[in-house]
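S.K.: Please read through the structure below; I'll follow up with questions.
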Amino acid sequence: MNHNTDTNPLEIVSRQIDAVNEILQLPADEIAILKKPHRTLEVNFPVVMDDGHIEVFTGFRVQHSLVRGPAKGGIRYSPDVTREEVQALATWMTFKCAVVNLPYGGAKGGVIVDVTKLSERELERLTRRFTSEIGIIIGPDSDIPAPDMNTNAKIMGWMMDTYSMNKGYSIPGVVTGKPIELDGSLGRAAATGRGVSIVLNEFMKLKKQDLSRMRVAVQGYGNVGRWAARLIAALGGKVVAVSDIKGGIHNPDGLDLNDVENWVNEHKFLAGYPKARSISNAELLATECDVLVPAATEAVINRENAHTVQARFIIEGANGPTTPDAEDILVKKGTTIIPDILANAGGVIVSYFEWVQNIMTFFWDEDDINAKLTQALQRAFRDVEAIHEQYPGITYRQAAYVLALSRETKARRMRGIYP
Ligand code: NAD
């Protein structure tokens, strides 16, 4: 995407912080610290491709804050990755961990690569080399990666193995979102989508709205979108449209999600699904529905298309899907946005549970994990709602940011500025 002032990720973060500071009134030096990521590691590294030629890839690992604990955040593989994007995503991780009160700061990583052009062996070599490159700053006590766009449990397994081989012994706690067989956690794969459904349910209960009467559209049919669609449907919501990077499908009477899932498992993409009308991603965002779940990538709802959104409620499965200009337009229309740092925090919460289980080498069952996840999100929702009520007229994003920024700056003040 070519970024303008509305869609540049660091600009978005900066504007979100400024909007909250109208309420919080933090001193300028504290705002300056929050806007700058603590560390940015850029690595350029060669990988031998299957035909023997060498390609040089660029990757990043950014630690935005280490104030409240080790840094935590996913690794993204995409041709669109940029230093600024990773820095913005790391900043959001700091705020997300603070909103749900996990003892973590924020981090994020990314490699500029189109995974569809790599063989399985090339993907593994790239992952192992990248892990070694960022191995100088990641670790179970310092910075713990996890899956994000185009990375998954298998890739986390390679990362855990590479880091462990370099150290000489097994260190499962260096990454989360691992396969269960490698000390991953039950419930982690579904956790982000489950979290979206839990937060949406809490919100609907509060507003005395009946989720079973809601039509839902989901953009992004990957880890987050698939689970969110399935679990919102399990709560009674009618999922009328879903999409992936190639486009979407729509059925006003509701999609048969098991059937859609079988299609995607077989064909990889939604395109060609025979039992619903094909739509574009622009049409998905403009679908006639009550709840829109952007669960793909940043800045998809921006000042160019915000006026087309018909949903009354947006719950952000993706990080940063709504730009500040879009938010202004939507708020004026009466749309309520449940922000990413609360709505999609289920993933990092169960990642935290995985890390704790790895440190204890004692594992919990899935019901226990889902119950703890529900509790953590209900508590965070109540905390955000209390601030929302305290300051009439603010948005849920501002309320979540007030909570996050207060927790982060309080901890920083107590630590003091070294030396
Ligand atoms: P994924 O790679 O599993 O799935 C991404 C989906 O979005 C795919 O269906 C892809 O085709 C689609 N997509 C990508 N770009 C698109 C575009 N421009 N328009 C429409 N569809 C597009 O990734 P994921 O892990 O599900 O992550 C999705 C979003 O959720 C990202 O913003 C990520 O940062 C965020 N997130 C993920 C987790 C997690 O645990 N995986 C946790 C919190 C937030």
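The values are calculated or read from the model by the stated rules, or taken from the named source; none is laboratory data. Bear in mind the structure is a predicted one, so any value in this text is a computation, not a measurement. For neighbour counting, all protein chains shown are included, and Cβ atoms are generated from backbone atoms with ideal geometry for every residue, glycine included. Protein only, heavy atoms only, side chains kept; ligands, DNA and RNA dropped before computing areas. Shrake-Rupley method; radii C 1.70, N 1.55, O 1.52, S 1.80 Å.
S.K.: Can you tell me how many residues in the range 144-161 are farther than 15 Å from Gly73 by Cβ, away from the ligand (no atom under 12 Å from the Cβ) and touching a Lys or Arg at 6+ places or on another chain (Cβ under 7 Å)?
M.R.: 3
S.K.: Looking only at the range 22-43, decide whether some residue is out of contact with any Lys or Arg (no Cβ under 8 Å at 6 or more places or on another chain), hydroxyl-bearing (Ser, Thr, Tyr) and in contact (Cβ under 8 Å) with a residue 40 or more places away in the chain.
M.R.: For the range 22-43, residues out of contact with any Lys or Arg (no Cβ under 8 Å at 6 or more places or on another chain), hydroxyl-bearing (Ser, Thr, Tyr) and in contact (Cβ under 8 Å) with a residue 40 or more places away in the chain: absent.
S.K.: A follow-up question, please. Scan the range 141-187 for residues that are of a type in the set (Asp, Glu), under 20 Å from Gly110 (Cα atoms) and open to solvent by 20 Å² or more (accessible area, probe 1.4 Å) and report the count.
M.R.: The qualifying residues number 2.
S.K.: Say we look at the range 4-33 and pick out the residues that are among the polar types (S, T, N, Q) and surrounded by fewer than 17 Cβ atoms within 10 Å (Cβ to Cβ); which of these is modelled with the highest pLDDT?
M.R.: Out of the qualifying residues, it is Gln25.
S.K.: Within the range 194-201, is even one residue assigned by TED's automatic domain parsing to the domain that holds Val293, hydroxyl-bearing (Ser, Thr, Tyr) and assigned to a strand (DSSP E or B)?
M.R.: No, that holds for no residue.
S.K.: While we're on this one: Within 26 Å of Met165 (Cα to Cα), in a helix (DSSP H, G or I) and polar (S, T, N, Q): which single residue out of Thr116, Thr127, Thr91 fits that description?
M.R.: Result: Thr127 is the single residue among Thr116, Thr127, Thr91 that is within 26 Å of Met165 (Cα to Cα), in a helix (DSSP H, G or I) and polar (S, T, N, Q).
S.K.: For Arg226, are the conditions met, namely being under 23 Å from Ala107 (Cβ atoms) and either hydrophobic (A, V, I, L, M, F, W, C) or touching a residue at least 12 places away in the same chain (Cβ under 8 Å) (or both)?
M.R.: It is false that Arg226 is under 23 Å from Ala107 (Cβ atoms) and either hydrophobic (A, V, I, L, M, F, W, C) or touching a residue at least 12 places away in the same chain (Cβ under 8 Å) (or both).
S.K.: Separate question: Return the total of residues in the range 261-297 being open to solvent by 80 Å² or more (accessible area, probe 1.4 Å), in a loop (DSSP other than H, G, I, E, B) and more than 13 Å from the ligand (Cβ to nearest atom).
M.R.: Adding up the residues that qualify gives 3.
S.K.: Is it true that Phe60 is aromatic (Phe, Trp, Tyr) and buried (at least 19 other Cβ atoms within 10 Å of the Cβ)?
M.R.: Judged against the criteria, Phe60 is a match.
S.K.: Sticking with this structure for a sec: May I ask you to verify whether Asn258 is touching a Leu at 6+ places or on another chain (Cβ under 6 Å) and either open to solvent by 10 Å² or more (accessible area, probe 1.4 Å) or in contact (Cβ under 8 Å) with a residue 12 or more places away in the chain (or both)?
M.R.: So Asn258 fails the test.
S.K.: Of the numbered conditions (1) within 29 Å of Val402 (Cα to Cα); (2) open to solvent by 60 Å² or more (accessible area, probe 1.4 Å); (3) not basic (Lys, Arg), Ile54 fails exactly one; give the number of that condition.
M.R.: (1)
S.K.: Filter the range 63-83 down to the residues that are touching a residue at least 60 places away in the same chain (Cβ under 8 Å) and buried (at least 19 other Cβ atoms within 10 Å of the Cβ) and list them by number.
M.R.: Correct list: Gln63, Ser65, Val67, Arg68, Pro70, Ala71, Lys72, Gly73, Gly74, Ile75, Arg76, Tyr77.
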